[in-house]
Amino acid sequence: MRAVLKVLVPLMLLLGAIAWGASVLVEHTARRWFDRDTRMRAELAVSGARDGLERALRKGERARVRRILGEVARDERVLGAAACDPEGALVASTSEYPAPFDCGRIRAHASAGAASPTTWAFEAPYGDSRVHLTAVPLADADGPLGFVALVHDMSWVATREEQTRGFLAVAFAIVALAAAVATTLAARFSWRGWSAELQRVLRATWLMPGPSAPPRTRREFQPLLSDVRALVSELAAEQSEGRAGLWSPARLRDALARHLPGSEVIVVANREPYIHERRDGTLRVQHPASGLVTALEPVVHATGGTWIAHGSGSADREVVDRHARVRVPPDDPAYTLRRVWLTAAEEEGYYYGFSNEGLWPLCHVAHTRPTFRGADFAAYRDANRKFADAVCEEATGPDPVVLVQDYHFALLPRMIRERLPRATIITFWHIPWPNSERFGICPWGPEILEGMLGSSILGFHVQAHCNNFLDSVDRYLEARLDRERQSVVLGGQETLVRAYPISIDWPTRWAADAPAAPICRERVFADLGLAPDALLGVGIDRLDYTKGIEERLLAVERLLERFPQFRGRFTFAQLAAPSRTRIPRYQELNRSVEEVAQRVNERFGEGSYRPIVLLREHHEPPTVFRYYRAADLCYVSSLHDGMNLVAKEFVAARDDEAGVLVLSRFTGASRELGEALLVNPYDLEEASSALAAALAMPREEQRERMRALRTFVSEFNVYRWAGRMLVDAGRLRKRDRVSGRITVPFRTVPGEAGGRR
């Protein structure tokens, strides 16, 4: 019954609105008809007596005019008639003519005075009713003689309008009753049939999954049937194997063993998971605090696989064998780190040049012009070839699972495919993918697309980036697209294009040894010289123009302009690690950020108080974690970002369920973290208002928002991200192996290259 009411109530409201609208329309239309009809009747009455009236008025025969007016006003609806001269003075009138409507009042309504050549009319109240006044001008060859005014009683119009409204009310009631009965019956029978069919499908799915299911299933249930089968199968497997719950390193290893048993796993990334540095004569090992490292290390650790990376540490060459390999982690070796050596010229062109002056600004809508140089792309191609050589050297079999990471290796998947055609290649693009028009700027766009389509699976953070990639392929390559399956076939080889939103580890490894939030707050406030009742905001970023650091500091300035109560009390600490300092645009950004911070501090600083604290140096993860826990708010103002893990790290750090996340709408994270305060970082009014709202937010609302955010990040953590890609790769691998055993006895299946669809 409740479901039926949900349909009936809106239906009744809709029908009521239609009936009301119809009533207003009918009443308005009827009024126009009545007005026109009354005016025509008045003109006809005066027209029949026009000759006599004009002669009598010209001769000044008032008695004759009065007699003629009496004949004109014989109609039962006419209350009276009057004749007026051109100056608006009364000449004669019938005895019943209403006194309030003198000639001067009627003449005032004429559009052109008493000399108006056309009839004019208007309605006016009279007693408990309304009357209609019509003025018909009179004139002869010598000029205007005045006008005749007729007053019609309009009480009959009100009676008809009341009757019309009553009729519409009855009609609405009948229609509403019929609609209610028809809707109730239709909903009941439709729901009964639909639910019966659904129950039959679900019983068949649960009891007889797969080929044993009934062959005759309604078409609309086919997608549901497929999804339910997959869900039932996955839930049953998780329950039977005790794997239900959050994704974790153990569950990731289990998924890898189930879906890719015995597979050789190779990870290719520019960043290495362990860096050997020589400092003051001492060999030290760094483990970068990278989301990519956190996500992929459990995979290679579980399989004893190989991680191939650029060896950039000052002591990296000292610890490797003659094949540039070293076992890691140093304290408990579990997998192999293979280092690739690049010359200074190769690194300049491949990394700083084409990767970060070309692809990086091309893919980020942050209003920095990409720079493309032929020498840079040649170095990029050579570096990709070096990594392809390393992959083939490390692969011990013909079909390894290769995980290629990020925009540094757009050409690598095709190079690997040409040499290891049976390999399962998963490429993940960690930054946004631009729309097809913007991508067309790149002189080597088709080669990049072809290189990436050497992948078995190509992953992006959000579906919009998948769509942009497919549009680029459709525009610049002759390939077959299947948008329903989200796949591309090029040269007979299919690439699946999927969205895999990246995340962070949960629980974060830095939480175990970190002090409680009050202690972190006390220590950070002491370091910054803040009073106990001060308010603290933080920003944690590389010093990169895509992060919107300038816009962030300008929003703080606008906050202090608009909300004086925060002056002297609110401090914003920006931790900005220097990045890519060889590139001119980054040098320019460094100067600009320093100038903005200095100007804001000069405007609003007083004594030891500085509204902006700019900490431009590398900070180790424990220090960053303390700032997360100490802050009242964290502002992520990226101008364009594939995901942005800072937002999720802040959420993970706040086990006290306090603090507010202010998040740019232009991050992939904004699609997942809806409980944050979402802003346009370019709009300083909106951003400053959000900062003020965050600083004034009640603690209970902070807890509600943070609790919801933490629940999401814990469920959709980095192990789930890696697990989904590996599970999809395992299914694809099984499908390809089965397809490889199928033969076509009568004809050869043609290749699928060419012919865009």
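General observations
- Disulfide-incompatible cysteines by the Cβ rule (no partner under 4.7 Å) in the chain: C363, C392, C442, C466, C520, C634
- Shown is the FRET efficiency for R258 and D399, computed with R0 = 25 Å from the Cβ-Cβ distance and rounded to the nearest 0.05: 0.90.
- Taking amide H atoms as placed 1.01 Å from N in the peptide plane, the amide H of V613 lies under 5 Å from those of F572, A573, Q574, each 5 or more residues away in sequence or on another chain.
- For the pair T282 and V9, a Förster radius of 60 Å applied to the C-beta separation gives a FRET efficiency near 0.20, rounded to the nearest 0.05.
- log10 of Debye I(q)/I(0), alpha-carbon scatterers only, for the range 361-479 at 0.11, 0.15, 0.19 Å⁻¹: -0.36, -0.67, -1.05
- Note that the range 453-467 has calculated 3J(HN,Hα) couplings of 6, x, 6, 7, 10, 10, x, 10, 6, 10, 5, 4, 6, 4, 4 Hz, one per residue in order, obtained from phi through the Karplus relation 6.51 cos²θ - 1.76 cosθ + 1.60 (θ = phi - 60°); glycine and proline are x.
- Label positions at A250 and H28, each projected 7 Å from the Cα along the C-beta direction, are separated by 7.2 nm.
- Cα gyration tensor shape of the range 559-690, rounded if a/c is under 1.5, else prolate or oblate by comparing a/b with b/c: rounded
- Other residues lying with their Cβ under 13 Å from the Cβ of F439 contribute a combined charge of -2, Lys and Arg counting +1, Asp and Glu -1.
- Relative contact order of the range 427-561, pairs being alpha-carbon contacts under 8 Å that are 6 or more residues apart, as %: 20
- Of the three principal axes defined by the Cα atoms of the range 505-549, the extents in descending order read 33, 29, 14 Å.
- Per residue, the average separation of C-alpha pairs within less than 8 Å and at least 6 apart gives the range 1-153 a relative contact order of 21 percent.
- The chain: relative contact order in percent, alpha carbon pairs under 8 Å with at least 6 residues between: 9
- Each label was represented as a point 7 Å from its Cα along the Cα-to-Cβ direction; for M40 and A511 these points are 8.3 nm apart.
- In the context of the full set of protein chains, the chain has a per residue accessible area of 48 Å² (1.4 Å probe).
- Net length gained if the chain between E620 and D389 were fully extended (0.36 nm per residue, minus Cα distance): 79.7 nm
- Surrounding net charge for Y719, when Lys and Arg each add one and Asp and Glu each subtract one, Cβ distance under 9 Å: +1
- The slack between R322 and R74, meaning 0.36 nm per residue of separation minus the straight C-alpha distance, is 76.9 nm.
- A full extension of the chain between A173 and A378 corresponds to an added length of 65.9 nm, given 0.36 nm per residue minus the alpha carbon distance.
- Cut-off 17 Å, label 7 Å out along Cα→Cβ of E123, residues of the range 142-168 by amide N: 151-166
- Simple spin-label estimate for A531 and A158 in nanometres, 7 Å along Cα-Cβ: 7.1
- For the range 641-669, the residues whose backbone nitrogen is under 17 Å from a point 7 Å from the Cα of V365, taken along Cα to Cβ, are 641-644, 664-669.
- Given (i) 316; (ii) 149; (iii) 267, the label whose value is volume of the Cα convex hull per residue in Å³ derived from this model: (i)
- Remark: accessible surface ordering of K734, K386, K648 (largest first) is K734, K386, K648, probe radius 1.4 Å.
- Per-residue Karplus couplings for the range 431-446, computed as 6.51 cos²θ - 1.76 cosθ + 1.60 with θ equal to phi - 60°, are listed in order as 10, x, 10, x, 5, 5, 5, 5, 4, x, 4, 5, x, 10, x, x Hz, Gly and Pro entered as x.
- Taking the 1.4 Å solvent-accessible surface of the chain as the whole, the part contributed by carbon and sulfur is 53%.
- Net charge of Cβ neighbours under 11 Å - reference E264; Lys, Arg +1; Asp, Glu -1: -2
- The aspartates and glutamates whose alpha-carbon is closer than 14 Å to the alpha-carbon of K648, local same-chain residues fewer than 8 away aside, are D505, D541, E657, E672, E675, E715.
- Amide H partners (placed H, <5 Å) of A139, local residues excluded: L145
- Ellipticity estimate at 222 nm from DSSP helix runs (n ≥ 4, -39,500 (n - 2.57)) divided over the chain, nearest 500: -15500 deg cm²/dmol
The values are calculated or read from the model by the stated rules, or taken from the named source; none is laboratory data. Fair warning: this is a prediction, and the values are worked out from it, not measured in the lab. Positions of Cβ are backbone-derived with ideal geometry, glycine not excepted, and every protein chain shown enters the neighbour counts. Heads up: the accessible areas ignore ligands, DNA and RNA and are worked out on the full protein's heavy atoms, side chains in. Shrake-Rupley method; radii C 1.70, N 1.55, O 1.52, S 1.80 Å.
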